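Trainee: Structure in structure tokens, see below.
The values are calculated or read from the model by the stated rules, or taken from the named source; none is laboratory data. Predicted, not measured: the structure shown is a model, and the values here were computed from it. Ideal geometry is used to build each Cβ from the backbone, glycine not excepted, and the neighbour counts take in all protein chains shown.
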Amino acid sequence: MANETRLPVTRKASEPAFLPEAWRPLEALRNEVDRLFDDFFGGDFWRRSSPPHASLGRSVAKKVAASPAVDLSESDKAYEITAELPGLDEKDIEVQVINGGLTIKGEKKEHKEEKHKDYYLSERSYGSFTRYFGLPECVEASKIEASVKNGVLRVTLPKNAEAQKPPKKIDVKAT
């Protein structure tokens, strides 16, 4: 420490006392993560416009999930798509066969209002999603069926007769 040199630190009055991004690394990280989510999902889907407590006493609008969880399965006679759509009824869901594929669309609009002596609460939630699945040639598009129960959509895609035949084993010969 004998060779230590100390220099006075000075700054001009017009310069900021600190560099905001340099001294707030967690905020910079959050901004970068928000930007990545915005680029991936589009828009400001994940960004919070205000702190949670700022919404008390005024109307709140929020989006619901962008894309539902989906399971795909296959049996001898059909393929099945199962989608978790909590809070959606059959009137909120649309299933179409279009352009050689299956499209599942859903939209949820909900408005909750409470009027009491001491407060007034108004909440809105909304959102929509679209999922597209390419259909194999072996699916009989005219026989596709869809049903929803307890927030779970099941779409059955029956296979045609040719696809339901058992596979033919071909022997491999050494030459």
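Trainee: If you go through the stretch 65-77 one residue at a time, how many are under 21 Å from GLU162 (Cα atoms), free of Cβ contacts under 8 Å to residues at least 60 places away in the same chain and assigned to a loop (DSSP other than H, G, I, E, B)?
Mentor: 1
For every residue, the table says whether it meets (1) surrounded by 10 or more Cβ atoms within 10 Å (Cβ to Cβ); (2) modelled with pLDDT of 85 or more.
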position: MET1; (1), (2): no, no
position: ARG6; (1), (2): no, no
position: GLU21; (1), (2): yes, no
position: ARG24; (1), (2): yes, no
position: ARG48; (1), (2): yes, no
position: ALA61; (1), (2): yes, no
position: SER75; (1), (2): yes, yes
position: VAL97; (1), (2): yes, yes
position: GLU107; (1), (2): yes, yes
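Trainee: Any idea which of (1) touching a Leu at 6+ places or on another chain (Cβ under 9 Å); (2) in contact (Cβ under 8 Å) with a residue 60 or more places away in the chain; (3) assigned to a loop (DSSP other than H, G, I, E, B) is the one GLU80 doesn't satisfy?
Mentor: (3)
Trainee: Restricting to the stretch 109-132, and then to whatever is of a type in the set (Ser, Thr, Tyr) and either closer than 30 Å to ASN99 by Cα or surrounded by 11 or more Cβ atoms within 10 Å (Cβ to Cβ) (or both), can you tell me which residue is farthest from the chain's Cα centre (by Cα)?
Mentor: TYR120
Trainee: From the set of residues in the stretch 83-119 that are in contact (Cβ under 8 Å) with a residue 60 or more places away in the chain and in contact with a strand residue (DSSP E or B) (Cβ under 7 Å, 6 or more places away or on another chain), which is farthest from ALA163 (Cα to Cα)?
Mentor: It comes out as GLY87.
Trainee: Here's another thing I want to ask about it. Restricted to the stretch 138-150, and to residues that are of a type outside the set (Asp, Glu) and over 20 Å from LYS91 (Cβ atoms), which residue is surrounded by the most Cβ atoms within 10 Å (Cβ to Cβ)?
Mentor: For the stretch 138-150, the residue satisfying everything is VAL139.
Trainee: Shifting gears a bit: Which ones in the stretch 139-163 are assigned to a strand (DSSP E or B) and under 27 Å from the mean Cα position of the chain (by Cα)?
Mentor: GLU145, ALA146, SER147, VAL148, LYS149, VAL152, LEU153, ARG154, VAL155, THR156, LEU157
Trainee: Right, here's the next one. Among the candidates LEU135, LEU157, LEU102, LEU153, single out the residue that is modelled with pLDDT under 90 and surrounded by 14 or more Cβ atoms within 10 Å (Cβ to Cβ).
Mentor: LEU135
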